[in-house]
Each structure stands twice: as structure tokens, then as C-alpha cells.
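Below is one structure, written out as C-alpha cells; comments come after it.
The values are calculated or read from the model by the stated rules, or taken from the named source; none is laboratory data. A quick note: this is a predicted structure, and the numbers were derived from the prediction, not measured. Using ideal geometry, Cβ is built from the backbone for each residue, glycine included, and neighbour counts are taken over all protein chains shown. What goes into the accessible areas is simple: the full protein's heavy atoms, side chains included, and nothing from ligands, DNA or RNA. Shrake-Rupley method; radii C 1.70, N 1.55, O 1.52, S 1.80 Å.
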Amino acid sequence: MDTSVLATSFSVDLPAWVPDELADWPESLPTLDDRMRLVNRLASRNPAEGNGGPFAAIVTERESGRIVSVGVNVVLASGLSSAHAEVVALSLAQTRLGSWDLGAADRPALDLINNWRPCLQCLGSTMWSGVQRLVVAGSGPECEDLTRFDEGPVRDDWAEQFEARGIEVVDGVRRAEAVEVFAEYGRRVGAGAATVYNARGTGPR
Ligand SMILES: [Zn+2]
């Protein structure tokens, strides 16, 4: 074959508005409530900025709350269907730390903080990243019902599967605020101002 036609690398960029937003936040966020407030803020801004869906994630040190990385969904901006907020945040944390293992014993314990239960893809990405705790605003049907995104055939015992691998799960931080972000996105979809990409079938619900 003519190998010159093959792509040989890909990259994902954090949109420029994200560092601008972070300039107004401290380097460390002491409480889970503070950390989720930032995640919900980023998730709310992301669709309006045209990058992708209403999803954001950050990696922080568990004890200090120091922000290690930030991710938003950039599927539309990057043209890559895997560029979900969790993949972006985890990959940027691993790039910053120079390691594929965010659970290495010589570093502070790290959390992934996310504005909802990850989708089928991102449950795997999170599980294999090495983070020791996953913190979500919620995990019920509200995300799919309000945004119309397809989160995939996630097992009912997904949280138990994480716990069985030594990854703690915390659910229900600033839940109502996260639901309102999804409701706002649903209104944008209804008004023709937002896209529900690649959700060609929702399967059995
Ligand atoms: Zn995902």
C-alpha cells in the first residue's frame, strides 16, 4: 500500500478558554464540593464555547486538592470521538507527570472528578489510568434523559467493579447543579443550538 496516506499521530488540545477560566481559580481546591463546582462550571461553559458536550473532568491530589490536570469534552473541536473529558484529563495528567500510572506509590494519591458517571468508554479509561478514587456528581438516568447522549451498556454493578479493583467511588457531590447543566444542554439541543453526536441508537434502556 501507499503508506504516505496513513495518519501516524493524533493530538488533542485543551481549548484556550479553559486556562483563562482557571486563572480565576486557586491552585488547590480544599473540598470535594469546591472541586465539583469547578467541574460543573467547565461542563456548563463547554457547549457554549463549541468544543463538545456538557462534560468536564479534573485530576486532583486527594489530600491537598491541588489541580493536576483539567479536561473538557473536545469531540467536536478535535474530530475525535474518543476525546471525552475523562480521557483528556487523564491523558494530560499522565503527560504532565510523565507516567502511564497515576497510582504510582511515590506520588500523592490522585482522584478523577467528573460531572457524571463516566460512559462505557471512560469507565475503562478511568479504570486503567491508575487513579485511586473516582468522584462523580451523580450516576442516574438524568444525564442520558436530559442530553440524549448514549452512555452505552454500562453494568449495574460498575461502582462495585471499581471498588473491587481498589478504586473508591464517591457519588452525589453537587448533584442538582450537574443535573441543571444537562437540562440546559437539553434546551440547547431542543432549540437546534447543540448537537448530540454519534448517538445513533440508545439501545435497551
Ligand atoms: Zn466518556
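Hey, what did the range 51-149 get for relative contact order, percent, Cα under 8 Å, at least 6 apart? For the range 51-149, the relative contact order is 26 percent.
Between D101 and L120, the distance separating the two model label sites (each 7 Å from Cα on the Cα→Cβ line) works out to 3.1 nm. Amide H to amide H, with H built 1.01 Å from N, R62 comes under 5 Å of A109, L110, D111, counting only residues 5 or more places away or on other chains. For a test of the definition: using alpha carbon positions, the gyration tensor, and the 1.5 limit on a/c, classify the chain as rounded, prolate or oblate. It comes out rounded by the Cα gyration axes. Looking at the chain, the accessible area is 49 square angstrom per residue; that uses a 1.4 Å probe and ignores ligands, DNA and RNA.
As a length-normalised measure over Cα pairs under 8 Å and 6 or more apart, the relative contact order of the chain settles at 17 percent.
The chymotrypsin sites (Phe, Trp or Tyr not before Pro) of the range 106-194 that DSSP puts in a loop, and whose beta carbon has at most 14 other beta carbons within 10 Å, are W128. In this calculation the C-beta distance from M127 to S11 is compared with R0 = 25 Å, giving a FRET efficiency of 0.60.
For the chain, a Gaussian network of Cα nodes joined below 10 Å ranks L22, L32, L102 by mean-square fluctuation, and the top entry is L22.
Our summary gives the range 1-107 a relative contact order of 20 percent, counting only alpha carbon pairs under 8 angstrom and 6 or more residues apart. Springs between Cα atoms under 10 Å define the GNM used for the chain, and in it the highest mean-square fluctuation of T60, T195, T95 occurs at T95. Per-residue Karplus couplings for the range 125-131, computed as 6.51 cos²θ - 1.76 cosθ + 1.60 with θ equal to phi - 60°, are listed in order as 4, 5, 4, 8, 7, x, 4 Hz, Gly and Pro entered as x. The trypsin sites (Lys or Arg not before Pro) found in the range 162-191 that occupy coil by DSSP, while having at most 15 further C-beta atoms within 10 Å, are R165. Across D34, D156, D171, mean-square fluctuation computed from a Gaussian network of the chain (C-alpha pairs under 10 Å connected) peaks at D156. For the range 1-71, run through the chymotrypsin sites (Phe, Trp or Tyr not before Pro) and keep only the ones in DSSP coil with at most 16 other Cβ atoms within 10 Å of their Cβ. Those satisfying the criteria are F10.
For the range 102-147, the share of accessible area belonging to carbon and sulfur comes to 58 percent (1.4 Å probe, ligands and nucleic acids excluded).
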